[in-house]
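Worksheet: the structure to be examined is printed underneath.
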Amino acid sequence: MITKKRNLKNHLKDLSFNMTKVIDTDKYLDFVRQTTSPASTHLAALLSRLTELDTSADADVPRLLTAALGLSAEAGEFTEVVKKIFLQGKPYNEENAFHLKRELGDICWYIAQACMALDTSFDEVLQMNYEKLSARYPEGTFDVYRSENRKEGDL
């Protein structure tokens, strides 16, 4: 127990030291500008990229963008409810479970958009996920080592 208190004390001391460092925000913003793609900063470049993807790559740009933005937003709404239940004292009750289920439904709607954009089905996506996880965990059980140390190509 004493070791934990010492480690915490050292951690707080290190944290305090790190908080006193001054960051040059102008240099950081310049770094951000330099490392941002043209399609992220110029509408013409973005429109050109989207048109290229839509025509030559045969990507369903509007539906894929809808899916990506929607999945992020709806997952955030689901996470917000869980955060409030776990960390802020919101009750885990029928009403909040219902709210979570509604958010999952919204997530499914955007997954359907992504499936349409990728010309695939829920079944194919689930099968691919099953195959990926079966290869990662051949014994059929979770393994921390395999979770953190993936084979090449295991996304």
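Any read-out appearing in this document is the output of simple, stated calculations on the displayed coordinates, not a laboratory observation. None of the values given here were measured: they were computed from a predicted structure. FYI the Cβ positions are ideal-geometry reconstructions off the backbone, even for glycines, and counts take in every protein chain you see.
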Helix runs (DSSP H) in the chain reaching 15 Å along axis by Cα, Kyte-Doolittle at least 0.0: 43-55, 61-87
What percent of all Cα-Cα pairs in segment 23-155 falls in each 10 Å bin, counting up from 0? 10, 20, 28, 30, 11, 0
Residues whose built amide H sits under 5 Å from the amide H of Ala59, excluding neighbours closer than 5 in sequence, are Asp54
If His99, His42 are placed from fewest to most neighbouring beta carbons inside 10 Å, the sequence is His42, His99
Spin-label pair Thr79/Ala39, simplified geometry with 7 Å Cα→Cβ offset, distance in nm: 2.3
Where does each of Met116, Met128 land when they are ranked from fewest to most other beta-carbon atoms within 10 angstrom? Met128, Met116
Taking the beta-carbon count within 10 Å as an exposure proxy, list Lys21, Lys132 from fewest neighbours to most. Lys21, Lys132
Is the shape of segment 60-138 best called rounded, prolate or oblate, per the rule: a/c under 1.5 gives rounded, else a/b larger than b/c gives prolate, else oblate, with a ≥ b ≥ c the square roots of the Cα gyration tensor eigenvalues? oblate
Apply 1/(1 + (r/R0)^6) to the Cβ-Cβ distance of Met116 and Leu87, taking R0 = 41 Å, and write down the FRET efficiency to the nearest 0.05. 0.70
Could you work out how far the C-alpha centroid of segment 16-81 sits from that of segment 110-124, in angstrom? 23
DSSP loop (so not H, G, I, E, B), at most 16 other Cβ within 10 Å: list which GluC sites (Glu not before Pro) in segment 67-142 pass both filters. Glu139
Potential extension, Ser134-Asp154 segment - 0.36 nm per residue separation minus Cα distance: 6.1 nm
